[in-house]
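This report refers to the structure that appears directly beneath it.
The values are calculated or read from the model by the stated rules, or taken from the named source; none is laboratory data. Source: prediction; values computed, not measured. Ideal geometry is used to build each Cβ from the backbone, glycine not excepted, and the neighbour counts take in all protein chains shown.
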Amino acid sequence: MNPKRALLLGIAGIVLWGADHRGLAADSGRSGANRPERPNIIVIYADDLGYGDLGCYGHPSIRTPHLDRMAAEGMRFTDFYSAAEVCTPSRAALLTGRYPIRSGMCHNQYRVLRNNSAGGLPAEEATLPELLQRQGYATGMVGKWHLGHLPQHLPPRHGFDSYFGLPFSNDMMPAPDAPKGREKFFAEDNAFWRTPLLRGTNVMEPAPDQRQLTRRYAEEAVRFIREQRRAPFFLYLAHTFPHVPLFASDGFRGRSPAGLYGDVVEELDWSVGQILDTVRRLGLEKKTLVVFSSDNGPWLIFNHHGGSAGPLREGKGSTWEGGMRVPGIAWWPGRVPAGVVQHEMATTMDLFTTCARLAGAPLPQDRPLDGVDISPLLFGTGTVSREAFFYYRGSTLYAARLGSWKAHFITRSGYGPDKPVTNSPPLLFHLGEDPGEKFDRASAQPEALLKIDEAVARHRATLRAAPSQLVETTARTN
Ligand code: MG
């Protein structure tokens with residue numbers, strides 16, 4: 001089927017399904033109990049924001065005073081990872097606490113869309129909002145979903161009481177008369193894009209003005225916090241930007257020394273300020289954990305419209321550090337100590353486990369979980385035990401980190417024309433001494449390689465037989 005026709009049918013399905021399921025949120029079950037000892041939780045997730053794109057991570061010309069203040073009042077992680085190098089698997093990992101290979105969500109949904117597949121986050125996956133909902137939390141999502149655009153996969157089917165946002169990336173439905181290829185990305189013309197805006201499961205606007213999205217997301221988030229201030233709440237705000245095409249509202253466009261990319265990030269920073277100010281004004285700061293991160297590294301092939309991985313190598317799409325190590329900031333005045341730079345490794349998958357524990361929610365016992373409870377790191381009370389971190393590209397394991405050593409079994413640039421290269425022996429880098437992954441130490445460190453091999457073998461033993469949807473792909477999408 002023609003991909004555009006397939007998408008239109010999918011959107012029609014969303015509208016029809018939504019008409020029949022408007023009572024879903026009201027039926028989700030709510031204890032009504034106000035349990036102040038359990039924190040409110042806000043996760044703010046940027047899209048394609050690089051490790052080096054914030055002032056507090058060293059960017060010289062993007063101004064991020066609100067995120068810098070958040071870091072100064074809380075904890076900034078230097079070794080914080082998304083569990084994937086592109087959008088869809090990263091989001092699956094965040095919400096399930098598991099490597100995307102376990103859920104089958106290890107490839108981007110753009111491919112699924114083009115093939116008219118009914119693919120999306122499987123219903124049997126346990127999501128963080130589902131766990132929190134059962135504990136009486138109000139759960140809201142604002143922003144980009146990208147875990148399946150068909151009705152059966154949208155946020156209200158995965159534990160969110162409310163949803164407002166785009167079902168996938170902002171570049172996935174160009175207008176028919178938009179220029180072909182890359183030209184439309186640099187044109188800064190909203191008329192070239194028609195990604196629908198949903199509320200719940202209904203299409204509210206088939207082609208929203210993307211220049212207003214960051215502001216509208218912030219307003220929705222603030223409204224949700226105000227409305228739910230008396231009950232414990234979970235808010236997942238997944239920004240559309242700085243994924244290309246870039247758009248900022250009039251108040252920010254043309255203002256940043258870092259150009260349009262800077263304008264966009266500075267507006268995101270403003271929106272973080274709006275949220276933290278709301279939390280403070282409502283007197284909720286002593287019982288609200290806020291975490292800020294990004295789904296993957298910067299999309300470097302978009303030149304000045306892509307971000308920066310700072311000192312890290314490569315970017316989005318790759319398993320070099322720049323593809324998966326991202327900003328990570330935690331804020332909870334009175335609980336998370338102020339001004340701490342945390343060098344211990346942590347991942348977005350840990351947020352699943354940590355937030356469930358903080359909410360008193362039982363963790364699923366019938367499946368492997370990869371996130372660990374990082375409360376001791378967050379609260380400065382101790383360390384956590386972690387086996388290793390594994391870098392997948394799609395369903396293929398490319399690299400693994402154990403302590404400061406990282407082995408690359410396969411290497412490939414994020415979006416370049418190069419083919420995958422299998423390294424034998426693997427390349428080995430010391431990420432403390434060499435965060436830019438320049439100096440291969442494999443020949444001098446056979447013991448480090450051996451220990452990583454053993455960790456990989458233990459990890460592989462926990463994987464089920466690959467589900468049918470796990471297929472190798474060379475497609476590099478967004
Ligand atoms: Mg992304």
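Listed values, structure above:
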read-out	value
Within the stretch 365-407, tally of residues that are within 16 Å of Ile101 (Cα to Cα), of a type in the set (D, E, K, R) and surrounded by fewer than 19 Cβ atoms within 10 Å (Cβ to Cβ)	1
Scan of the stretch 134-144 for residues that are surrounded by fewer than 24 Cβ atoms within 10 Å (Cβ to Cβ) and assigned to a loop (DSSP other than H, G, I, E, B), ordered by number	Gln135, Gly136
Cross-chain or 6+ apart pairs with Cβ under 9 Å, the stretch 288-311 first and without any contact (Cβ under 8 Å) to a residue 24 or more places away in the chain, then within 12 Å of the ligand (Cβ to nearest atom) and of a type in the set (D, E, K, R)	none
Scope the stretch 257-283; condition in contact with a Ser or Thr (Cβ under 7 Å, 6 or more places away or on another chain) and either among the acidic types (Asp, Glu) or part of a loop (DSSP other than H, G, I, E, B) (or both); matching residues	Pro257, Ala258, Asp263, Glu266, Glu267, Asp269
Residues that are within 11 Å of the ligand (Cβ to nearest atom) and either assigned by TED's automatic domain parsing to the domain that holds Ala407 or closer than 20 Å to Glu73 by Cα (or both), drawn from the stretch 282-328	Ser294, Val326
Residues of the stretch 253-269 satisfying the condition of being crowded, with 19+ Cβ neighbours inside 10 Å and of a type outside the set (Gly, Ala, Ser)	Leu260, Tyr261, Asp263, Val264, Val265, Glu266, Glu267, Leu268, Asp269
Residue under evaluation Asp250, criteria (1) part of a loop (DSSP other than H, G, I, E, B); (2) under 17 Å from Val43 (Cα atoms), criterion not met	(2)
Residue count, the stretch 411-433 (criterion: out of contact with any Lys or Arg (no Cβ under 7 Å at 6 or more places or on another chain) and in a strand (DSSP E or B))	7
Selected residue (criterion: surrounded by the fewest Cβ atoms within 10 Å (Cβ to Cβ)) from residues of the stretch 78-110 that are within 12 Å of the ligand (Cβ to nearest atom) and more than 28 Å from Val340 (Cα to Cα)	Tyr110
Where Thr473 falls short, out of the listed (1) of a type in the set (Ser, Thr, Tyr); (2) part of a loop (DSSP other than H, G, I, E, B); (3) modelled with pLDDT of 95 or more	(3)
Pair list, Cβ under 7 Å, 6 or more apart: the stretch 150-162 residue outside the structural domain of Ser103 (by TED's automatic domain parsing), other residue at pLDDT 95 or above	none
Which listed residue, of Leu213, Leu131, Leu147, is crowded, with 18+ Cβ neighbours inside 10 Å, aliphatic (A, V, I, L, M) and either part of a loop (DSSP other than H, G, I, E, B) or touching a Lys or Arg at 6+ places or on another chain (Cβ under 7 Å) (or both)	Leu147
Any hit, the stretch 243-258, residues being of a type in the set (Val, Ile, Thr) and either within 19 Å of Leu67 (Cβ to Cβ) or outside the structural domain of Leu197 (by TED's automatic domain parsing) (or both)	no
Meets criteria (more than 30 Å from Arg38 (Cβ to Cβ) and either assigned to a loop (DSSP other than H, G, I, E, B) or in the same structural domain as Gln212 (by TED's automatic domain parsing) (or both)) for Glu85	yes
Subset of the stretch 163-198 that is touching a Ser or Thr at 6+ places or on another chain (Cβ under 8 Å) and away from the ligand (no atom under 16 Å from the Cβ) - its residue that is modelled with the lowest pLDDT	Met173
